[in-house]
Amino acid sequence: MLVTAVVCFVLAEWLGYPLLRGVAGAALGVVLAALLVTARRPRVAVTRAVYPDRVRRGQPAFAQLSVRNPGGRWQGEFTAGDPMGSGFHAVTVRALGPGAQATYHYDLPTRRRGRFQVGPLTLQRADPLGLGRSRLTTGDTTTLWVHPRVLPVRALAGGHPRHHHEGRTRDETLHGSLDLRDVREYVVGDEVRHLHWKATARTGRLMVRDYVDPEQPRFTTLLDTRVELTTEAAFEDAVDLAASLLTASATAGHRCRLVTSGELDVGVAGGTQSVRRLLDELCELTPATDVDRPLVPPEFARSGDRGGALVVVLAGAHPADLAALATLRQHYATTVAVVLNAYPGHGPTGVAVRVPGMRVLHASDAADAVRRWNVVVAG
């Protein structure tokens, strides 16, 4: 616009057309007006809150924007918004009088699973013709956790008796249970009725019996995260299925363990906090990029913390994978393999997947796998 003003003015002086001189003056006036409008940045107090901070994929999440004018002058209209991922989500803030306050709400995208940083807040003012723009970044950032979908699935309980003669376990002590695990020194909070008087007399220190529940249900999920055997859609279905199974088991109070081919290994006790931790881990899970990575991590294959039910979620399988799963079968009371993105009764390539001693479910997606699980496995 400024170049147009200069050209029109030169032509007006050369050719002697007053109309061009008027156009040049108008163009220059528009540029000066844009500078005047955008030179004064918004001077407002802005706070932003995201609620809820944890949602499941596809569920609504909102940002609440509170804008207050603390000064004694009017604040013109401007735009405020948050960068999130590769997008920018903005809202138009109307003019505010002295001391006035306004609240705005806008949706945040939750179509993709992941941990997203919302903010910092960007205040932007532009003139009506879009010739000038001023931006001001303010405020802190907020984290939005988009968890996997959790489908309604029935929990599967299974466990081997774990007696004290099998050796020391890695479980936390469950006070009041019936199976003796150890005799240890008394700490504040222990049950007085569990005092071991013979050991106390022998050592000269208060000793107590340490008990563990011999029939505690356990649930382990092995999730295949190798990138060469899955597509993006199949990987998301596998994560959704793992999240559904673990959520149902942890909510039922079972000890749960999440293991992936990428060597993620998380063990939790049952309860709401355990569900949140598992979903946080699955929220940030990405496919493993190592081409030669095995399905069963070596550390998990050597682990001595076994028992209960094992569910393996697959998007594809090699013959070596099936042999590795067969070796795990002896360590668990119940073993199930779920093959996703499969033809009816067959694997992803149309070939039936069979593991000796292990029940195998073939499903087209996570929802189909949950339906088959509830009918075939969980009864």
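The figures follow:
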| item | result |
| --- | --- |
| Output for region 217-243, where each listed residue is buried (at least 24 other Cβ atoms within 10 Å of the Cβ), under 17 Å from the mean Cα position of the chain (by Cα) and of a type in the set (Asp, Glu) | ASP237, ASP240 |
| Test set (1) over 30 Å from PRO152 (Cβ atoms); (2) of a type in the set (A, V, I, L, M, F, W, C); (3) touching a strand residue (DSSP E or B) at 6+ places or on another chain (Cβ under 9 Å) - VAL118 fails condition number | (1) |
| Failed item, numbered, when VAL146 is tested on (1) open to solvent by 70 Å² or more (accessible area, probe 1.4 Å); (2) in contact with a Phe, Trp or Tyr (Cβ under 9 Å, 6 or more places away or on another chain); (3) hydrophobic (A, V, I, L, M, F, W, C) | (1) |
| Residue that is nearest to GLY307 (Cα to Cα) [pool: residues in region 185-214 that are at pLDDT 90 or above and part of a strand (DSSP E or B)] | VAL208 |
| Selected residue (criterion: modelled with the lowest pLDDT) from residues of region 327-346 that are within 22 Å of ALA288 (Cβ to Cβ) and either in contact with a Ser or Thr (Cβ under 8 Å, 6 or more places away or on another chain) or open to solvent by less than 40 Å² (accessible area, probe 1.4 Å) (or both) | ALA342 |
| Residues that are of a type in the set (Val, Ile, Thr), over 41 Å from the mean Cα position of the chain (by Cα) and open to solvent by 80 Å² or more (accessible area, probe 1.4 Å), drawn from region 1-55 | VAL3, VAL6, VAL10 |
| Region 99-144, residues that are among the aliphatic types (A, V, I, L, M), under 25 Å from ALA33 (Cβ atoms) and in contact with a Ser or Thr (Cβ under 8 Å, 6 or more places away or on another chain) | LEU123, ALA126, LEU136 |
| Qualifying residue in region 68-76 (condition: of a type in the set (Phe, Trp, Tyr), open to solvent by less than 30 Å² (accessible area, probe 1.4 Å) and farther than 30 Å from GLU232 by Cβ) | no |
| Set GLY81, GLY85, GLY29, GLY58: member being closer than 30 Å to PRO148 by Cα and modelled with pLDDT of 90 or more | GLY58 |
| Subset of region 217-258 [touching a residue at least 60 places away in the same chain (Cβ under 8 Å) and part of a loop (DSSP other than H, G, I, E, B)] | PRO217, ASP224, THR225, THR230, THR231, ALA252, HIS254 |
| Residues located in region 56-65, provided they are crowded, with 17+ Cβ neighbours inside 10 Å and either within 14 Å of the chain's Cα centre (by Cα) or at positive phi (or both) | ARG56, ARG57, ALA61 |
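The values are calculated or read from the model by the stated rules, or taken from the named source; none is laboratory data. All of these numbers come straight from a predicted model, not from anything done at the bench. Note: ideal-geometry Cβ built from the backbone for every residue, glycine included; neighbour counts use all protein chains shown. Remember, those area values only see protein heavy atoms, side chains included, never the ligands or the DNA or RNA. Shrake-Rupley method; radii C 1.70, N 1.55, O 1.52, S 1.80 Å.
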